[in-house]
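Here is the structure we will look at.
The values are calculated or read from the model by the stated rules, or taken from the named source; none is laboratory data. This structure is a prediction, so every number in the text was calculated from the model and none was measured. Reconstructed Cβ throughout: ideal geometry from the backbone, glycine too, with neighbour counts over all protein chains shown.
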Amino acid sequence: MRRSKHFCSKSPTNPRVFLSSEIGGKSDSLSRVTSAVAGTAPSCTGQFAYTADGNLFSKSGTTGNVGTITYGSTSRPNGAGPHAVTQATINGIIKTHAYDANGNFIGYTDNTRTVTYTPFNLPTLMTGSNSNIPTIGSSNSLSYDYDGTHSRIKETATNNAGGTSNLTTTIYVGAGF
């Protein structure tokens with residue numbers, strides 16, 4: 001049976017995952033979810049609204065409010081295309097997204113998350129922080145290495161949660177090995 005991951009959480013450290021049979025709701029004429037209810041008491045609810053071109057405009061409910069979401073335009077003045085989020089209000093906090101000329105997300109303007117790319121538009125370094133979630137901590141990074149065919153060969157993750165630095169390296173081995 002299919003699960004809907006993290007539709008509702010009692011807290012960030014204790015998520016409640018519901019079976020698809022436990023989720024009900026309503027859709028619009030384009031089959032987009034407009035409201036959802038998961039479980040029984042205490043249940044989780046969500047309301048969703050969309051723009052004319054199909055982008056999610058707002059989300060509210062028991063799991064927190066996204067508020068309003070702003071998107072880029074077809075003229076791409078700041079690198080953001082028409083379906084790229086340029087600003088989102090999450091529980092009253094405004095997050096402004098930045099993009100490079102190729103349309104790659106490069107981070108938030110408050111520098112809580114940054115991404116750098118190779119000349120072939122694959123991420124090489126992602127850094128971020130979220131002091132509100134203890135397991136993430138104040139400083140984290142993911143770095144990637146690629147081979148000559150642009151296939152990822154290595155990932156290095158650094159997590160500085162709780163003042164302790166943890167390093168994890170993953171080596172990707174091709175099908176021929």
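What the table below lists for this structure:
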read-out: Given (1) under 21 Å from Gly107 (Cα atoms); (2) modelled with pLDDT under 80, index of the condition Gly162 fails; value: (1)
read-out: In the stretch 103-132, residue modelled with the highest pLDDT [restricted to those that are surrounded by 12 or more Cβ atoms within 10 Å (Cβ to Cβ) and of a type in the set (A, V, I, L, M, F, W, C)]; value: Leu122
read-out: Residue in the stretch 80-89 that is more than 25 Å from Arg152 (Cα to Cα) and of a type in the set (Ser, Thr, Tyr) present; value: yes
read-out: Only one of Thr149, Thr156, Thr169, Thr135 that is at pLDDT below 85 and of a type in the set (Ser, Thr, Tyr); value: Thr135
